[in-house]
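A short worksheet on the structure shown next.
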Amino acid sequence: MRDKKSFGGWLVGPFLLLLSTACGFGTPDEPGSGSVNASGMGGNQGGTTSGATPQSGSGANAGSTGTGSGGSGSQTSGSGSTGPSGMSGDLLDGGAGDDASFKCPPVPTADMPVPGTCSAPADLRCPYPKLSQTGCVNPNNPLQLADVVIPYEVNSPLWSDGALKSRGMRIPTSGKIHVKNCTANPAECCVQDPNNFTPGTCLPDYDDGKWILPVGTVMVKNFMFPDASQPSGNKLVETRLFIHVSDVTAADGGVQSTWIGYGYQWNEAQTEATVTSNFAYDEESTANFTLMADGGTQTLEWHYPSRAECLQCHQPITPTGGYTLGPETIQMNRIMTGDTVNQIDKLAAMGLFDEAPPKPYLTPLVAPYSGQVGSPPAGATLDERARSYLHANCSFCHRPDGQASDWMDMRYDVPLQDTGLCNVMPSKGDQGVTGALLLTPEEPMSSVLWLRMDAPPGNTLMGDLGRMPAIASFVLDTQALDLMSAWIMSITACPM
């Protein structure tokens, strides 16, 4: 075995995974745990929620307190560079250069009609202030998706602090989805072998079925929690738009990207959502919501990511294109709740692929545990469930060409002996457990993989990096912890 380094029925509308990181185990440039951060397709939640134990990050950023932009309660801004009027955050220059005096014009304008067409704003610094103005939802009822947005579901969802989610995509009229076919076109699936620097020396293909979305695509994702006071039974806390633009945008958090994300904070009345970043300035924030659940009133604290934070996970990956995390055949091969037709078949019938995925479609991921997307099939093995969770929550960073600079490869089809996990020494600390390895067969509490998933946000021990995910989550995924514990206990020896 080669020597490896270690890492340490939709309810309201469609949405993609501006995903939060759910796993990571030793990235050299990893952000510290406990900051009030969120990255795409996830979200952060504290406070009290139904069926979850909240964890507050010890490194939460404190800023000025005032009325939340969506009218949903007190809001606290995150830390960053200081802009006009004491605003904190990073300038988004939209490619035009930093300009502290810049102010977005009020809408509507000639380039920004109301409602919009669910597309990129004319100036990337200036998203629509209100969700109802974007054209991605019904302007008369923002709780409903616009007709141009196609709802979809995934088989193995990203953990987002217990939030329920609904997802959708708006594909531009002239655009087509490309699905990678590693059998027919092996070159487009080549991941350079990190142990062999000869150009074109590829690792085995594990990116078959990755979806590449065209310029002009808008991904929409709703985050909500059970609330008995709402007609739908749920209260929306955030809607995120993730947009594929034609030109490389300004460096958000040091990442040059052709995608940009905007978060919208819902008000308590559930009548409107307001963009969270202050136009030219980009910042993280929090807001409190009231929920009626379990026969009483509960308070939920929800954390909104900055646009720069979205790109900490939605980074470009060669050769998959990166940026979007959920759309791939093993995730999309399913019949949506309440429907009778496979959603890939429906997209193909709409003519949205440049070439439809070959049939039979790749075997779908199983649900790792019972939840909003359903339950694991009766025949699902413990290994299938655990690897499905790791694929959906970790593999977009922990892969040879991912953001995490390590040899770990958490993609679903990678054999365990090639993942860089089993009996591998951790490079970022042992979480205070002497002799702990990344994955110690039959010993979850001596496995850094499990220990870091179980650590509270902000927890560090003797230089260890603490909680995984390092950003974008404040609540432990207890079902995942039980699953990973059972999986590790079932591994009696590392395969060779």
Hits in region 205-224 - residues which are assigned to a loop (DSSP other than H, G, I, E, B), touching a Gly at 6+ places or on another chain (Cβ under 9 Å) and surrounded by fewer than 22 Cβ atoms within 10 Å (Cβ to Cβ): Pro214, Val215, Gly216
Need at least 3 residues that are surrounded by 16 or more Cβ atoms within 10 Å (Cβ to Cβ), modelled with pLDDT under 90 and touching a Phe, Trp or Tyr at 6+ places or on another chain (Cβ under 6 Å) per element, so show me which strands (runs of 3 or more DSSP E) inside region 139-204 make the cut, counting only ones lying wholly within it. none
Quickly run through region 473-490 and pick out the residues that are assigned to a loop (DSSP other than H, G, I, E, B) and either basic (Lys, Arg) or more than 16 Å from Leu390 (Cα to Cα) (or both). Phe474
Considering each of Pro127, Pro121, Pro108 in turn, give the residue that is assigned to a loop (DSSP other than H, G, I, E, B), more than 30 Å from Val373 (Cα to Cα), more than 20 Å from the chain's Cα centre (by Cα) and modelled with pLDDT of 95 or more. Pro108
Take Leu390 and tell me if it is buried (at least 22 other Cβ atoms within 10 Å of the Cβ), more than 17 Å from Asp208 (Cα to Cα), out of contact with any Gly (no Cβ under 8 Å at 6 or more places or on another chain) and of a type in the set (A, V, I, L, M, F, W, C). yes
Kindly check whether there is at least one residue in region 234-244 that is outside any strand (DSSP E or B) and within 28 Å of Ser285 (Cβ to Cβ). no
Condition test on Gly135, is it among the small types (Gly, Ala, Ser), in contact with a helix residue (DSSP H, G or I) (Cβ under 9 Å, 6 or more places away or on another chain) and modelled with pLDDT of 90 or more? no
Extreme residue, nearest to the chain's Cα centre (by Cα), among residues of region 86-105 that are under 30 Å from Thr173 (Cα atoms) and modelled with pLDDT under 65: Leu92
Can you find a residue in region 323-337 that is among the charged types (D, E, K, R), closer than 20 Å to Arg167 by Cα, in a loop (DSSP other than H, G, I, E, B) and at pLDDT 95 or above? yes
Taking the condition on the phi < 0 side of the Ramachandran plot, surrounded by 13 or more Cβ atoms within 10 Å (Cβ to Cβ) and among the acidic types (Asp, Glu), does Asp430 pass? yes
Just to verify a result, which residue in region 464-496, among those that are more than 15 Å from Pro441 (Cα to Cα), modelled with pLDDT of 95 or more and of a type in the set (S, T, N, Q), is surrounded by the fewest Cβ atoms within 10 Å (Cβ to Cβ)? Thr478
Among (1) under 30 Å from His303 (Cβ atoms); (2) surrounded by fewer than 18 Cβ atoms within 10 Å (Cβ to Cβ), Gly435 falls short only on (1)
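The values are calculated or read from the model by the stated rules, or taken from the named source; none is laboratory data. Bear in mind that the values here come from a model prediction, so they are computed numbers and not experimental data. Neighbour counts run over all protein chains shown; Cβ positions are idealised from the backbone, glycine included.
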